[in-house]
Structure formats: C-alpha cells, structure tokens
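The values are calculated or read from the model by the stated rules, or taken from the named source; none is laboratory data. Keep in mind that this is a model prediction, so the values were computed, not measured. Cβ placement follows ideal geometry from the backbone for every residue including glycine, while neighbour counts extend to all protein chains displayed.
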Amino acid sequence: MWKEALLQVLIALLPVFALQLWYNRPDRFKGTPIFIGLSSMISMFLCIIMALGTEFVVELDFSMVSFIVGSLYGGKALAVVMTIVYGMLKLSLAERPWEPAGFTAFLIYIFPMLMINIPRFQRASTRIKKQIAATLGLVGIPVYWMGCMTYFWLSDDTWNVYIFRESLATGIAYLGSSLFLIFLIESVKEKQRLHQKLQQMSMNYRNEVQKLQQFIDNTPLGVIIVDTKGEITHINEIAVAQIPGKQSQRGPTDIIGRSLTELQEELNNELHAGLLISVLQGEETLTEIVQQDNKIYIKTSFGVKDAKNHAIIGAALIAHDITELSQLRDEIGRMERLSLVGQMAASITHEIRNPMAVIRGFVQLMKERSADNQKEYFRIIIEELDRANGIINDFLSLAQNRIVEKESGSLNQIIGDLMPLLWADANLRGQSIELELDEQVPNLELNIKEMKQLILNLTRNGMEAMSEKGVLSISTKYLGDKVEMKVEDTGCGISQDKVERLFEPFYTTKSRGTGLGLPLCLSIVERHRGKIEVESAEGQGTAIRVILHHN
C-alpha cells in the first residue's frame, strides 16, 4: 500500500516539478496560475488512472489533492472545467459501489466552497492559503465519509472499523499532501520572486555602473576611482593620457584592477597617488595645482563614503586641465596692462601733445631764422619731438578697444602702395627687399589704415634688426579659407624666452624701443579676428606670420 501511496504523492506533486521548469523563463511569471491549474489537471488524471485496479478496500486516489490545489490556483473558469473532468472520470471509472455516493456528496458541498474561496486564496499569503486548503480538506473529507455511510445505510453492505480506519488514514494523507503541495508551490514562487528581484537589482546595479562609467568616459576631466585596497576600479581615457611613460600608451582596461603601489612610479608626482592614499587614510578633500608637460592641472582628491555609516569605501581623484584658463588669465592681465596704457594715453594726449605742438612750431620758426651752424641742433630737437609724438600715437592706437570699420580691400594692393616708402627706407639702410605676392589672394574685409600701420611696424622692425646688406622678404599666400602674410628678415634672431614676451606692452629688445610696436600689431590683428605667429632663432633671423580669415 505504501508504495502505491508514495507513487500517488509523487504524481500529485507533479505541478511543483513542472513549475520549476516553467520558471526557467522569467517572462512566463504572469501565466503561473493557469500553468499550475493545467499541470494539476494532468496530475489529477494520472492519479485516477494509477488508482484503477488497486485491491484496497478504500480507494487510494490522490486526485482530490490535485483537484483542490489546481482549482484554487487556476481560478474559477479552470475550476469549472476541472470539476466537470473530475466528475466524469470519477463516476465513469468508479470500482467500488460506495464511491459515486461519496464523491457526489463531496462535489455538492466542496464546489460552492471552492468558488467562494478562490478569489481570496489567490490574493492571500502562504499562511492563509494553507488555512483555506485545510478548511476545504477538513470539510470535504467528512462529507465524503457521510456520502459513503449513507450508501452503506441504504444498502445491505457492511461498514466496519477497518474501512473507517483506512478512510481516516487516507483522508489525513490527502490533507497533508494538499498542504505540502501548496507549501512547495509557494516556496517555488517565492524563490522565483526573489530570483527576479535579485536579477532586477543586478540589472539596476549594472545599469548604474554603466552610467557611471559612461559619465566618467565622457566628462572632460581626468577621473580615477580606487577601492579601499587602493585598486583602480574606474579610470577614463583622459586620466590614462595624463599618466607619464608607457602607461599612457595603454587603455583604461589595461590599468583597471591594478593597485596604486604598482603604478607608484608612474603616478608619483604627475597624478598624485599620494593624494589618493592620504584620502584613503582619512584625510579630508585635498587639492593641488601642478604643471606637467607644459600643461597646468588642478587635482582634487576626496573620499567615497558609505551612505549609512560614513565609512570610507574608496577614493576618487579628478584632474582638470586649466592650461587654457591660465592662458586666459594671462590674457586678462595683458588686457589690464593695455587698459593702463589707455588711461595713460588719455591723460597725456591733451596735457603733453598740445604743448609739444607749440614747442615744435616755435623750434621750426627758430630753425628758419638761425645761423646755418645752428640748424643741425634744431633739426635734432624737431626729430626728438616727432619721436615723442609718435610714441603718443602708439599709446593712442594701442589703447583703442572699439570695433573698427572695415571695407573690402586687397592686401596685395596695400603692400604695393607702401613699397615706395619701404624701398626708400631700405636704401637708406643699405638693405634690399624681396617681394613675393600671391595673385590668388582674394579681397578681405580690412581697415586700410590699420593694415598699413601693421605692415609698416613689422617691416621697420625687420629692417632695424638687420645690418647693411640685409634682405627683408615680404610675401603673401592664399591658403583656401585663410590668407597668410609673412615678413622675414635676415637679422640676428631672437631667443625663445624673448619670443614669448614680444607682445607684452613695454617689453623691447631694442636699445631705444618703447615696447609698444608689436603689442599694437597684435591688437590690430585681433581686431581683424586673425592671429600672429613668430618664428625665430638666434643667428637665423626672424619670420612673422599674420594669418587672416577669408570671409
């Protein structure tokens, strides 16, 4: 009997085994109730078939377990179908004379209770579900017995203690199997819910990691993140490029996972591994400004703390390239110096220029009335007054900070108009000029007056830098969307440290220079939205390129 009973129990547990396979696909979670109902119907059919031909006085059929569990999980519609199928099978395949009476009594009483409790069962917790199943079993089994006893009372068959004992044991087995089956189903469902929750959390974690990595990769800052062991967990391309030596030739994946101690030699001063180590040891946010490979970086390192206990779980370092910001600061300083020049020019224009004009006029008059041997002195006075007036003009030009009026003009034509003056100046110095103008150069939007001043300043600087027999080259070239003008001399050249300061106001390499000529040239070029470049080396002459944009 126990072998048959164990086999019946295993068949009744078929929905649990099938549910395990069903849950291999998480997207099938919503169809679980119908699946449990259908698998219970199959289990019910197999239990009825396996019970046929048994030689026990009391029917050993666990199909009632599958019927109750399948109806409760499958819903009202499936419960109706299972009731019809169950009734047809039991009534048509009954082998004992009292079975139809007991089963009929069972269905008459248990079916309404099933239909009433199904909605509550499907919304209930595991504990409530067990209570509902136990109630149905505790009610259904006595009803089944009452049906059987009614049959024995109406017929001449004998109801004895043995039949009662077997019926009681079978009923208890039915009840225990029902509760155990519900427990297993709920355990599988809970396990699957936890599995899905774990998968969702894992997916959310993976998404957050990907978002963090994409943010780190796309931010215009060098970023390094390490864990408490000092191992690098995140690093972007910008930070990799900042690592000196061979490490800069690798990608982030080659560095992630390595410890700071392994990279100490490469990270020493340049990426400040010391900052990260100090923060991991409990230091507050640290910031340093360093210079590396002609670039200036501001490095900030801070600890990454747990949100609950504020324990340090890592550290991060952010490196910001502030080279352009530093250059902008230098440019602001230059503009402030130019503003000072403007203030000086505004104050001396009326205070000095007008008296100088009066002095020059009287000196000119005295020159005409003086003896021949004294005229040379008056000439020198007039030249110095003109030189002082030229310095004042440079002050005024350099101090201008307005939008200049431009018109379409030919750069080649402007150079051609100035050539007689330049050739005369070169002849007086014993020098020569080579001219190479590109006929493809188009007209540009220029301020003619300022461009003439630019060309005169550059060419005269070149002549003053050369000795006799020096050659000054003036050329233009069309570069598609740009036009280049180059003024090149064969003078003694300028050292690199002096080249970097050429455009500072009041800085000069000449014995009698004011240091305003090249700053004035730079201002003119910038007002034309161009740029000016200097190439020079000691003993090799100097070439100045002015690049203007076409359109």
The conditions are (1) at pLDDT 65 or above; (2) surrounded by 16 or more Cβ atoms within 10 Å (Cβ to Cβ), and residue 139 fails exactly one of them. Which is it? (2)
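Hey, can you tell me all the residues within segment 419-441 that are assigned to a strand (DSSP E or B) and either surrounded by fewer than 16 Cβ atoms within 10 Å (Cβ to Cβ) or touching a Lys or Arg at 6+ places or on another chain (Cβ under 6 Å) (or both)?
Restricting attention to segment 419-441, the residues satisfying the condition of being assigned to a strand (DSSP E or B) are 432-436.
432, 434, 435, 436, listed by residue number.
Which of the residues belonging to segment 366-388 are over 30 Å from residue 517 (Cβ atoms), surrounded by 11 or more Cβ atoms within 10 Å (Cβ to Cβ) and either of a type outside the set (A, V, I, L, M, F, W, C) or modelled with pLDDT under 80 (or both)?
Within segment 366-388, the first condition is being over 30 Å from residue 517 (Cβ atoms), and the residues that meet it are 366, 368-375.
Imposing the further condition that a residue be surrounded by 11 or more Cβ atoms within 10 Å (Cβ to Cβ) reduces the set to 366, 370, 374-375.
370, 374, 375 - these are the residues of segment 366-388 that are over 30 Å from residue 517 (Cβ atoms), surrounded by 11 or more Cβ atoms within 10 Å (Cβ to Cβ) and either of a type outside the set (A, V, I, L, M, F, W, C) or modelled with pLDDT under 80 (or both).
From the set of residues in segment 266-285 that are among the charged types (D, E, K, R) and touching a helix residue (DSSP H, G or I) at 6+ places or on another chain (Cβ under 8 Å), which is modelled with the highest pLDDT?
Taking segment 266-285 and keeping what is among the charged types (D, E, K, R), we get 266, 270, 283-284.
Filter again for touching a helix residue (DSSP H, G or I) at 6+ places or on another chain (Cβ under 8 Å), leaving 266, 270.
Numbers: 266: 56, 270: 49.
Once the filter is applied, the top-ranked residue is 266.
Could you tell me which of the residues 168, 179, 175, 198 is of a type in the set (A, V, I, L, M) and modelled with pLDDT of 80 or more?
Of 168, 179, 175, 198, the one residue that is of a type in the set (A, V, I, L, M) and modelled with pLDDT of 80 or more is 198.
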Considering (1) under 30 Å from residue 484 (Cβ atoms); (2) modelled with pLDDT under 75, say which one residue 392 fails and leave the rest. (1)
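Take residue 318 and tell me if it is under 18 Å from residue 237 (Cα atoms), out of contact with any His (no Cβ under 9 Å at 6 or more places or on another chain) and modelled with pLDDT of 80 or more.
Working: under 18 Å from residue 237 (Cα atoms): yes; out of contact with any His (no Cβ under 9 Å at 6 or more places or on another chain): yes; modelled with pLDDT of 80 or more: yes.
In short, yes.
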Scan 361, 333 and give me the residue that is modelled with pLDDT under 80 and either among the small types (Gly, Ala, Ser) or touching a Lys or Arg at 6+ places or on another chain (Cβ under 8 Å) (or both). 333
